[in-house]
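First up is the structure itself, then whatever we jot down about it.
What follows is calculated from the coordinates using simple rules that are stated; it is not laboratory data. Everything numeric in this text was worked out from a predicted model, so none of it was measured. Note that we place each Cβ from the backbone using ideal geometry, even for glycine, and neighbour counts take in every protein chain shown.
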Amino acid sequence: MQDNTNNTLLTVAGLKTHFPVRGGLLSRTKAWVKAVDGVDLAVQRGKTLGLVGESGSGKTTVGRTLLRLIPQTGGKVVFDGRDVFSLTNSEMRVVRKRMQIIFQDPVGSLNPRMTVGNIVGEPLKVHSSMTRTERRTEVGRLLERVGLAAGYARRYPHEFSGGQRQRIGIARALAPKPDFIVCDEPVSALDVSIQAQILNLLSDLQDELGLSYLFIAHNLAVVEHFAHQVAVMYLGKIVEVADRDDLYNNPTHPYTKALLSAVPRPEPNPDRERIRLPGEVPSPINPPSGCAFYPRCPLTRQRAEELGSSERHTVVVDGQAAPVVRRCTIDVPTLKPTADDASHCHACLLQQD
Ligand SMILES: Nc1ncnc2c1ncn2[C@@H]1O[C@H](COP(=O)(O)OP(=O)(O)OP(=O)(O)O)[C@@H](O)[C@H]1O
Ligand code: SF4
Ligand SMILES: [Mg+2]
């Protein structure tokens, strides 16, 4: 997914974010949570990259790290040609105007003691030289742009429904006129009917303002009609990335296949049976060696059946012994293009030979 053409607004290479686990009387670091462990991504101008994975896979940590809201452990983020991690604080303030975030929880992310006008107007205070009157006019315009009345500026967040609060969060993100927005599960907490309205709003704003989104979701259904490209994340790493239609019609990584099999379809397809993965997502403190997906991977089990004992290894998952290909427990797969399509990449050792 390395694309250094001018169409690429944001490139993430080898991003790592590890959190210390402290304990004992002296609060020493006992271990590390490898929340993000070598992520590569590229977001194209005016497009949406969906980032999908189960809870705890590291999606929020990717979004927050690339915005420099939490410190990185390693890797590089380039935004419109600028190396984000090497910017000084004052340079970062300028770039931050252009990189915004919308949060999952529309209640917790809005200060209950501030009026909507002050919430949406705050970024204008920080990032622009507008007078108070100009700010008030701009806040009214932003509220109307996200489908709210300009007069709502005088009210407080608790006076609004979940969908309306998310609109307020979007207006606040739009205030500094960004090019790029991390949308961290912005519809997960909303009713299904409201979800569609918010997705439509984000889509209209993208068309109108040329915005680029990193859109985080925990299932593939949410981003299916919204993202232009989709990256699938498992235990701190990207396991597959492709153009949207290609990923949905032709998934190659066994984890993506399992996630897709859980997406409800209008017409049931007998060829697409639900794949239930054994076991749980392992802890990112002590992830499995080699390919971290191997204890749950249907493909390695199937291939191991065909191999001699020297190439097999046995794991116990859900109390049952299962064979896996030994190589999957040793080598760490990296994202590489699939055989037919350079823009469709996957990280699966047994499909890269
Ligand atoms: N500040 C922190 N300190 C320690 N561990 C953390 C911290 N923030 C996140 N983690 C851990 O990092 C891992 C990834 O968390 P993250 O919130 O990025 O996942 P996620 O994919 O966004 O999950 P969800 O779908 O539940 O939002 C999890 O194991 C989480 O417990
Ligand atoms: S590398 Fe092995 S364990 Fe990992 S996805 Fe491929 S087959 Fe499964
Ligand atoms: Mg999250």
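At a glance:
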| quantity | calculated |
| --- | --- |
| CD proxy at 222 nm, helix term only [per DSSP H run n ≥ 4: -39500 (n - 2.57); per residue of the chain; nearest 500] | -8500 deg cm²/dmol |
| Those GluC sites (Glu not before Pro) in region 189-290 that DSSP places in a loop and that have at most 13 other beta carbons within 10 Å | Glu273, Glu280 |
| Exposure rule at most 16 other beta-carbon atoms within 10 Å, DSSP loop trypsin sites (Lys or Arg not before Pro): the chain longest free segment | 156-271 |
| Angle in degrees between helix 162-174 and the longest Cα principal axis of the chain, rounded to the nearest 10 | 80 degrees |
| R0 of 22 Å, Cβ-Cβ distance Ser129-Asn89: FRET efficiency to nearest 0.05 | 0.65 |
| GluC sites (Glu not before Pro) restricted to region 287-335 and DSSP loop, no more than 16 other C-beta within 10 Å | Glu306 |
| Relative contact order computed over region 281-351 (Cα-Cα under 8 Å; 6+ residues apart), in percent | 29 percent |
| Most positive-pole-ward Cα, Pro282, Tyr248, Gly81, against dipole of the chain from beta carbon charges | Gly81 |
| Over 36 Å [Cα-Cα, the chain], rounded percent | 27 percent |
| At R0 = 22 Å, FRET efficiency that the Cβ-Cβ distance of Asn7 and Lys177 yields, to 0.05 | 0.60 |
| For a label point 7 Å along the Cα-to-beta-carbon line of Asn200, residues of region 109-147 with backbone N under 12 Å | none |
| Computed E for Thr314/Asp353 - FRET, C-beta separation, R0 22 angstrom, nearest 0.05 | 0.45 |
| Shape category assigned to region 281-351 from the gyration tensor of Cα positions, a/c cut at 1.5 | oblate |
| Rounded to 5, the percent of DSSP beta bridges in the chain classed as antiparallel | 65 percent |
| Positive-pole candidate from Thr334, Gly308, His346, dipole of region 279-351, charges at beta carbon | Gly308 |
| For Val239, residues with placed amide H under 5 Å, excluding near neighbours | Val232, Met233, Tyr234 |
| The chain: relative contact order as a whole-number percent, Cα under 8 Å and 6+ apart | 18 percent |
